[in-house]
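Asker: Questions regarding the structure given below will be posed in turn.
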Amino acid sequence: MSTIPTTDSTLVDQQLLAACLAQNRVAQRQLYDRYKKAMFSCALRILNDRDLAQDALQDAFVDVFRNLGSFRQDAALGAWIRTIVVRRSLLIQQREQRMEVYDQQRHPEPSISWHDGLTGELLEKAIQALPTGYRTVFCLIEVEGYAHREVAEMLSISEGTSKSQLYHAKRLLQGKLQELRR
């Protein structure tokens, strides 16, 4: 079996989709390989655990291959897969009951500004140190680009709660960054 050339991203996705729908195992592997890194990163940001993120990734791709026939192509294939990964990650998070309630005594809200020496590594550590609920809302909105309405639906919370969680996540993130700089 030959591999599908990778010239135009949308065209490649369309070719992979058609081949996957025809049960072409090579194409299924190519589709997985094409999206696994980005989707693993998405799951890891939500779950903050490599093993759970790997579980979410695997479960999500099982769902992807089971439901490819229902993909309407009104959005990008990668966006559709990401939605499945996010939902799988949230289900695993619920199963693991890893949500933390914000405790102002444990997490005081210092008022600091962002600094010029901010690195990706430092930011990633600070995000990982956030309580699960804050990290989830922060990642879904600020990293994945979901709207508060969408996050509220996914997490079964109100839109106001989503906004509040994001506000507190940002404030707490500033404090975490200051701690990590010391």
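The values are calculated or read from the model by the stated rules, or taken from the named source; none is laboratory data. Since the model is a prediction, treat every value here as computed from it, not as a measurement. Here the Cβ positions follow ideal geometry from the backbone for every residue, glycine too, while neighbour counts run over all protein chains shown. Remember, those area values only see protein heavy atoms, side chains included, never the ligands or the DNA or RNA. Shrake-Rupley method; radii C 1.70, N 1.55, O 1.52, S 1.80 Å.
Asker: Give me the residue from region 131-170 that is in contact (Cβ under 8 Å) with a residue 24 or more places away in the chain and among the aliphatic types (A, V, I, L, M) and, out of that set, most open to solvent (accessible area, probe 1.4 Å).
Answerer: VAL143
Asker: If I filter region 150-182 down to residues being hydrophobic (A, V, I, L, M, F, W, C) and within 19 Å of the chain's Cα centre (by Cα), which single residue comes out as nearest to LEU123 (Cα to Cα)?
Answerer: Across region 150-182, the extreme among qualifying residues is LEU173.
Asker: Do you know which residues across region 53-72 are free of Cβ contacts under 8 Å to residues at least 12 places away in the same chain and not in a helix (DSSP H, G or I)?
Answerer: Within region 53-72, just ARG72 meets the criteria.
Asker: With the requirement that a residue be over 15 Å from SER9 (Cβ atoms) and either among the β-branched types (Val, Ile, Thr) or in contact with a Lys or Arg (Cβ under 8 Å, 6 or more places away or on another chain) (or both), what does region 30-45 give you?
Answerer: Once the filter is applied, which keeps residues that are over 15 Å from SER9 (Cβ atoms) and either among the β-branched types (Val, Ile, Thr) or in contact with a Lys or Arg (Cβ under 8 Å, 6 or more places away or on another chain) (or both), region 30-45 yields MET39, CYS42, ALA43, LEU44, ARG45.
Asker: Can you tell which of LEU21, LEU16 is touching a Leu at 6+ places or on another chain (Cβ under 6 Å), open to solvent by 30 Å² or more (accessible area, probe 1.4 Å) and farther than 28 Å from GLY120 by Cα?
Answerer: Numbers: LEU16 fails: open to solvent by 30 Å² or more (accessible area, probe 1.4 Å).
After ruling out the rest, the residue left standing is LEU21.
Asker: If you don't mind, there's one more thing I want to ask. Could you say which residue among ARG50, ARG88 is under 30 Å from ALA169 (Cβ atoms) and in contact (Cβ under 8 Å) with a residue 40 or more places away in the chain?
Answerer: Details: ARG50 fails: in contact (Cβ under 8 Å) with a residue 40 or more places away in the chain.
Result of the check over ARG50, ARG88: ARG88.
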